[in-house]
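A short write-up of the structure that comes next.
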Amino acid sequence: MRISFDEVDTVKDPPSREFLEKNVDEDHPDEYFNNHSKPCRELGLAGKSFGKPELIDLMSSDPDLVKCPILVHGKRVHFGYKKI
C-alpha cells in the first residue's frame, strides 16, 4: 500500500510558529524537539525538559531544533522517522 504525503524541508521552508502551535502535542512536546542537533548541543539544551511554549519559542528561533523530517498526510502530521 502506498501513501502519498508532503515532506516539509525545514531548512528551506522552516515551519511557522502557527504550524508548530497547531501540531506539537501539549502532552509530549519533547517528541518534536531535535535534541541531537548541533544548536541543541551548543546551547546546552540536551537532556533538559521544556513545556510546549518554551519548545515552540526555541524551535521558532532555529529550525534545526525541529525534529525532521516533517511529513504531512492530509490532516495528519508526523515529526521524525520514529513516528512514520
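Read-outs throughout are calculated quantities, based only on the coordinates presented, and are distinct from any laboratory measurement. The shown structure was predicted, so the numbers you read here are calculated from the model rather than taken from an experiment. Reconstructed Cβ throughout: ideal geometry from the backbone, glycine too, with neighbour counts over all protein chains shown.
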Counting only residues 5 or more apart in sequence or on a different chain, those whose built amide H sits under 5 Å from that of residue 67 are 33, 34
Applied in sequence order to segment 40-51, the curve 6.51 cos²θ - 1.76 cosθ + 1.60 (Karplus, θ = phi - 60°) yields integer Hz couplings, x standing for Gly and Pro, of 5, 5, 5, 8, x, 9, 4, x, 8, 10, 10, x
With DSSP loop assignment and no more than 13 other C-beta atoms within 10 Å, the trypsin sites (Lys or Arg not before Pro) in segment 47-84 are 48, 75
Taking Cα atoms, the helix 52-61 axis meets the longest principal axis of the chain at an angle in degrees (rounded to 10) of 90
Over all directions, segment 29-72 yields a Cα convex hull whose mean projected area in nm² is 3.0
Options [x] 22, 13, 12; [y] 19, 15, 11; [z] 33, 16, 11 are given for semi-axes √(5λ) of the Cα gyration tensor in Å, and the computed one is [x]
Nearest-0.05 FRET efficiency for residue 26 and residue 4 at R0 = 35 Å, using Cβ-Cβ distance, is 0.80
About its Cα centre, the chain carries a charge dipole, from +1 on Lys and Arg Cβ atoms and -1 on Asp and Glu Cβ atoms, whose size in debye to the nearest 20 is 320
Connecting every pair of Cα atoms under 10 Å apart in the chain and solving the GNM, the largest mean-square fluctuation among 63, 14, 53 falls on 53
Of the residues 72, 37, 61, the Cα lying farthest along the dipole of the chain towards its positive end, which is defined by charges on the beta carbon of Lys, Arg, Asp and Glu, belongs to 72
